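Participant: Just dropping this structure here.
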Amino acid sequence: MVRLDGKVALISGGARGMGAAEATLFASEGARVVVCDVIDDEGKAVAEKIGASALYQHLDVTHEDDWADAVAATTAAFGKLDVLVNNAGIAESAPLVEMSLESYRRVTEVNQTGVFLGMRAVIEAMTEAGGGSIVNISSIDGMVGMHNLTSYVASKWAVRGMTRVAAMELGPRGIRVNSVHPGFIPTTLGIPDGVPEAQIHGLLDAHAEKLAPLGRTGTADDIARLVLFLASDESGYSTGSEFVADGGLTAGYPPPGSEHL
Ligand SMILES: NC(=O)c1ccc[n+]([C@@H]2O[C@H](COP(=O)([O-])OP(=O)(O)OC[C@H]3O[C@@H](n4cnc5c(N)ncnc54)[C@H](O)[C@@H]3O)[C@@H](O)[C@H]2O)c1
């Protein structure tokens, strides 16, 4: 079964991590994909690896004009736009007492304003296509809080909230809007300069092994498969909803004295 046959998808932050996994999986399921990012060389490489069903488009999600250009490039190349994955994101870590206004604004500009601009930019094209699916990548940090991530948590809760509003407003146009809430996925997100990726990933693995009922960190493919479901018509009656993929991490907490805490 080819689950995205005939669909055209735009993926922000598609040059690496989960966005690249989504672009690759979508194309293997019959979609034509526009990989968008600010790291052009990596983004072009992802599109080239996929082949003729993909193209790369520079898109800084904080720039309104870039969004207009990306939607225009998509419809010019592939004739329409059915799916938007608002995946681009950044994280900057600091205790609240030390977090600078500049850092707070940087993170919310990409993670929150970027999602707002993206959803707004695709409405007309999706309406012309007869409907569509917008998948907003939030986080488990849009369900709970996390130390040292005030800006990130604020932005991811905002994504969860605006997903619901958009679902209500866009439902009559046949556009579904859902949010995805990944747990810990070893990518380059939020790795401070100079800290080896392997060190951070080792910490994530140890954390998830201890705390997540499924006992492991997730993979980019774990998330891509959920996003594929939401992009496809298989999720046709779901909108305004939150889809968590975190190995059970946010299901609850163990009893006092348990070896798991
Ligand atoms: N990795 C995790 O544990 C985790 C958990 C929950 C949610 N998420 C979310 O998943 C999404 C993907 O993150 P990832 O883990 O694959 O990280 P990643 O850093 O590998 O990928 C993020 C991509 O976004 C791009 N990007 C950053 N700023 C951009 C901008 N202004 N415009 C366009 N693109 C931009 C980056 O260049 C990068 O390619 C993010 O929204 C992130 O917040 C990640």
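Participant: Please specify each residue of region 192-219 satisfying the condition of being open to solvent by 30 Å² or more (accessible area, probe 1.4 Å) and within 19 Å of S138 (Cα to Cα).
Facilitator: L204, T219
The rows are residues; the columns are (1) acidic (D, E); (2) at pLDDT 95 or above.
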residue: E92; (1), (2): yes, yes
residue: V110; (1), (2): no, yes
residue: M146; (1), (2): no, yes
residue: Y152; (1), (2): no, yes
residue: T163; (1), (2): no, yes
residue: P186; (1), (2): no, no
residue: G194; (1), (2): no, no
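Participant: Among the residues of region 85-104 satisfying the criterion of being within 13 Å of the ligand (Cβ to nearest atom) and either part of a loop (DSSP other than H, G, I, E, B) or without any contact (Cβ under 8 Å) to a residue 60 or more places away in the chain (or both), which is farthest from the chain's Cα centre (by Cα)?
Facilitator: Filtering region 85-104 for residues that are within 13 Å of the ligand (Cβ to nearest atom) and either part of a loop (DSSP other than H, G, I, E, B) or without any contact (Cβ under 8 Å) to a residue 60 or more places away in the chain (or both), the one farthest from the chain's Cα centre (by Cα) comes out as S93.
Participant: Out of all the residues in region 145-162, which are under 17 Å from T250 (Cβ atoms) and away from the ligand (no atom under 12 Å from the Cβ)?
Facilitator: The answer is G145, H147, W157.
Participant: Output the residues belonging to region 182-212 that are over 27 Å from F243 (Cβ atoms) and in contact (Cβ under 8 Å) with a residue 24 or more places away in the chain.
Facilitator: P192
Participant: Exactly one condition in (1) without any contact (Cβ under 8 Å) to a residue 40 or more places away in the chain; (2) surrounded by 15 or more Cβ atoms within 10 Å (Cβ to Cβ) is not met by M146; state its number.
Facilitator: Every listed condition holds for M146 apart from (2).
Participant: Taking region 55-81 as the search range and keeping residues that are in contact (Cβ under 8 Å) with a residue 24 or more places away in the chain and either of a type in the set (G, A, S) or surrounded by fewer than 15 Cβ atoms within 10 Å (Cβ to Cβ) (or both), which one is farthest from the ligand (Cβ to nearest atom)?
Facilitator: By that ranking, first place goes to G79.
Participant: Residues in region 214-238 that are within 30 Å of M1 (Cβ to Cβ) and more than 20 Å from the chain's Cα centre (by Cα): how many?
Facilitator: 3
Participant: Count, please, the residues in region 218-227 that happen to be assigned to a loop (DSSP other than H, G, I, E, B) and within 8 Å of the ligand (Cβ to nearest atom).
Facilitator: Residues that pass the stated criteria total 1.
Participant: Could you check region 9-48 and list, in sequence order, the residues that are crowded, with 20+ Cβ neighbours inside 10 Å, over 20 Å from R225 (Cβ atoms) and more than 8 Å from the ligand (Cβ to nearest atom)?
Facilitator: Scanning region 9-48 gives V34, A47.
Participant: Still on this structure, I have one more. Taking the condition surrounded by fewer than 17 Cβ atoms within 10 Å (Cβ to Cβ), of a type in the set (G, A, S), in contact (Cβ under 8 Å) with a residue 12 or more places away in the chain and closer than 24 Å to L170 by Cα, does G51 pass?
Facilitator: Taking the combined requirement at face value, the residue does not satisfy it.
Participant: Still on this structure, please answer the following. Which ones in region 174-211 are within 12 Å of the ligand (Cβ to nearest atom) and in a loop (DSSP other than H, G, I, E, B)?
Facilitator: Once the filter is applied, which keeps residues that are within 12 Å of the ligand (Cβ to nearest atom) and in a loop (DSSP other than H, G, I, E, B), region 174-211 yields G183, F184, I185, P186, T187, T188, L189, G190, I191.
Participant: Considering region 122-143 alone, what residues qualify as being farther than 16 Å from P182 by Cα and surrounded by 23 or more Cβ atoms within 10 Å (Cβ to Cβ)?
Facilitator: V122, M126, G132, S133, I134
The values are calculated or read from the model by the stated rules, or taken from the named source; none is laboratory data. This structure is a prediction, so every number in the text was calculated from the model and none was measured. Reconstructed Cβ throughout: ideal geometry from the backbone, glycine too, with neighbour counts over all protein chains shown. All accessible areas refer to the heavy atoms of the entire protein, side chains included, with ligands and DNA or RNA removed. Shrake-Rupley method; radii C 1.70, N 1.55, O 1.52, S 1.80 Å.
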